[in-house]
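Take a look at the structure set out below.
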Amino acid sequence: MQKGFYKLFIAAVFLFNIAAAAQILAPTIKSPTCFAIFTDAASFENVQGAILNYRDAVERDGLATWIIHSTWQSPDEVKAEILKLAHNKPALEGVVFVGDIPIAMLRDAQHLSSAFKMDQERFPFIRSSIPSDRFYDDFDLQFEFLEQDTANPLLFYYSLTADSPQKIRRDIYSARMKVPGEGAERYGILRDYLNRIATQKQEARELDDVLTFLGHGYVSEALSAWEGQLLSLREHFPQLYRQNGRLKNLHFTMSDDIKAYLLEELQREELDLAVFHAHGGTDTQYLLGLPDAGGNIDRNISAIKLFLRSKIRQAMRREKTFEEAKAYYQESYTLPDEWFEGIEADSVILADSLLYAKQDIYIDDIKQISPRAEVIIFDQCFTGSFINPEYIAGSYVFGDGSVVAGVANSVNVKQDILPDEFLGLFNDGIRLGNWHKFRNDLENHIIGDPTFHFKNTAKYDLNRMLTTQAGDAKAWQKLLKNEDPTLRALAVRQLSLIEGANFENQLVALYHADPSFNVRLQVIRALAELRTPAFENILFESINDPYELIRRVTVTWMGVVGRADYLPFLAQKNVFDQSDRVSYQAKGAMEKIDPPLAYEKMNLILDALPQSDFRETKKRIAGLSFESSRREYAEELIPQLRSDSLIFKKRLNAVRKFRNYQDQLLLPELIQLIKRDTDDMTLRINALEALGWFAFSHNRSDLITVCDEIMEISQPSEALYREALKTRKRLIAGSNDPLNP
């Protein structure tokens, strides 16, 4: 290291220590970008040697690394130190939080999550807030501090302000090394983990063994959706289809004992990467549903009895009596008394518990194995809930085995949006953190080492390109010609960020020309970010794309854009698409646009078919469905939005429905409620918030005008003004993730 460089760092350390209580150790090497380890004073005192060992391993990999430790009093203190590093050179690439670093619990920002929509007024702060390190790694988001949690002082509640950007665009990557458990034993676990990964970093392994799993209830168990996912993976990992490669894709239906099989697979020494697509909880990975009874009558009866026992015990845990729960199911399904016998018997409870234990993976199971995949991706709810003493991802990462990092969610998540996005970049030596920066939602986090990477088998240094060359359009245009579809898809993403609307014509041409599923999906995603007429028009073509996921997101976009001329195309998909999920989403899209007109378009298609049971069944189902939607609009939602005499809760529920169902025909009713200054202020504020979910609507310019009008007549200090400002910014910025409008 040059003497001048060393003196510069020593001066920086001196100035930092004068300005704050944080203690700072400077990097020992020089590199184009840098990395920072943030830890608390107690963790540093207890595992200092291991932290230095980890720092040295990161620097041997060519990334200059700071160490900052302190007795942190708030997330704002940590963020202030991050911003100091980010505003100096070399450029800060990412950070990792080791130990007990303050956790920001974010509120009033549910539109920045993929699925989290909880009533903040009804539920306590700890349940209705999202633990998120986007507080730290997106420098533009603005928050107002609310309070510190009294039961868990590591948690700090913040509200996203109205004048903040309403879209996540991360400046750096971040990760958490938060060991499960409580007490001093966590330091020993952390020490062992840091020393282990420092050793593992000495030689990067080539990615040649991957395991994926699809669980019960995921993608509605549609095989056509799973087929598309597998075809996409083949583009990401072509080397795994050659003689020495291995890609094993497991489906929950492959075995009634899939849990035991998975636990064995996870312990294979050769395994590099594992991906779980399944439902999940803080302490459970859900694999299987109730046993399939098949065509056997006795097995069907046994399955129904098992279901009843499960539901009645669940009701009793919620303080229902056995007789109350039994009466509900007996009256609903006309079931005999003997089907309810034995529910409270110890032997039956034990047998059922043993059955359930074979269905899912629990934290206790993970503690008994040594998982070998260096990276595990949990496309599951709550498995990354690091505010809890125990959580699934932490059990894998900090337990026995070779796991370096997990990617998991701190709350619930909308699944199958694009969970396998850019996985092929792991072939090219991309650091996990640089890959993770594409995940722009509040809940998704890296648990473990974000600097980890597999061996680079390409000639490109993607880590440098994504940092020091992120804005170099020429470099990305060159990559757009690469034969690797994952690299072309990455080039599409980067060029769309650099050039915006100027890239539109090239995007349209790429959609028509590129044979890759993943490239075309990135193209249409980039067009969706623009929300121009070119985007709205290309949907007429992408609705027939051979990639199931492209067809599925296309029909979803048609519904939220809301153009009536989409209806004949949606009706065709509803009747004829081979994917049940596309067909179902097409029906929902039609109901968002205009249910009566949609019913007419459906009948035109169905009436043109030859007489058959298929046609009559479709006509009957369509009639019932669209009549139900019409009745809900006419007899429930409209009266609830207009009435000033109904109970408040019913009216509020009607308003909040628009957060999930952006019904175009009811927009005028929502707008009238917003403008009605004699109506309840809480309802008007919630109606404005609901308006922000219409960011794709072809009428959004009118909605922005509504916000402008409200802002003109409201005082800046009023809650109504702030919500109008936030909604206006949301409508202009667009959805946080265009694939999840």
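The values are calculated or read from the model by the stated rules, or taken from the named source; none is laboratory data. What you are looking at is a predicted structure, and each value in this text was computed from that prediction instead of being measured. Don't worry about glycine lacking a Cβ; one is built from the backbone with ideal geometry, like all the others, and counts go over all protein chains shown.
Test of understanding: among K601, K592, K573, which residue is in contact (Cβ under 8 Å) with a residue 40 or more places away in the chain, within 21 Å of L624 (Cβ to Cβ), not assigned by TED's automatic domain parsing to the domain that holds N660 and not in a loop (DSSP other than H, G, I, E, B)? So that I can check it myself, show each step before the final result.
Working: K601 fails: in contact (Cβ under 8 Å) with a residue 40 or more places away in the chain; K573 fails: in contact (Cβ under 8 Å) with a residue 40 or more places away in the chain.
The unique qualifying residue is K592.
Conditions (1) of a type in the set (V, I, T); (2) more than 30 Å from I101 (Cα to Cα), marked per residue:
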residue: E185; (1), (2): no, no
residue: R205; (1), (2): no, yes
residue: D209; (1), (2): no, yes
residue: Y218; (1), (2): no, yes
residue: N249; (1), (2): no, yes
residue: T253; (1), (2): yes, yes
residue: E265; (1), (2): no, yes
residue: L271; (1), (2): no, yes
residue: V275; (1), (2): yes, no
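From S31, S43, grab the single residue that is assigned by TED's automatic domain parsing to the domain that holds R176, farther than 30 Å from T161 by Cβ and part of a loop (DSSP other than H, G, I, E, B).
S31
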Practice task
Scan region 262-312 for residues that are in a helix (DSSP H, G or I) and either touching a Lys or Arg at 6+ places or on another chain (Cβ under 7 Å) or at pLDDT 95 or above (or both) and jot them down.
Solution key: L262, L263, E264, E265, L266, I312
Practice task
Check off (1) over 21 Å from K367 (Cβ atoms); (2) in a strand (DSSP E or B) for S347 and give me the number that stays unchecked.
Solution key: (2)
Practice task
Report yes if some residue within region 507-518 is surrounded by fewer than 22 Cβ atoms within 10 Å (Cβ to Cβ), among the acidic types (D, E) and more than 26 Å from the chain's Cα centre (by Cα); otherwise report no.
Solution key: yes
Exercise for the section: Please find, within region 148-184, the residue that is farthest from E529 (Cα to Cα) out of those that are more than 21 Å from the chain's Cα centre (by Cα) and aliphatic (A, V, I, L, M). Expected result: A184
Problem - First in region 503-515 and more than 12 Å from A491 (Cα to Cα), second anywhere and part of a helix (DSSP H, G or I) and among the aromatic types (F, W, Y), Cβ under 9 Å, 6 or more apart - result: E504/F535
Completion exercise
Checked pairs for region 73-95, first closer than 14 Å to F35 by Cα, second surrounded by fewer than 20 Cβ atoms within 10 Å (Cβ to Cβ) and of a type in the set (D, E, K, R), C-beta under 7 Å and 6 or more apart or across chains, list as A86/D171
Exercise for the section: Could you figure out which of (1) closer than 26 Å to W693 by Cβ; (2) surrounded by 23 or more Cβ atoms within 10 Å (Cβ to Cβ) isn't true of T556? Expected result: (2)
Problem - Residue within region 325-343 that is surrounded by 16 or more Cβ atoms within 10 Å (Cβ to Cβ), in contact with a Gly (Cβ under 8 Å, 6 or more places away or on another chain) and in a loop (DSSP other than H, G, I, E, B) present - result: no
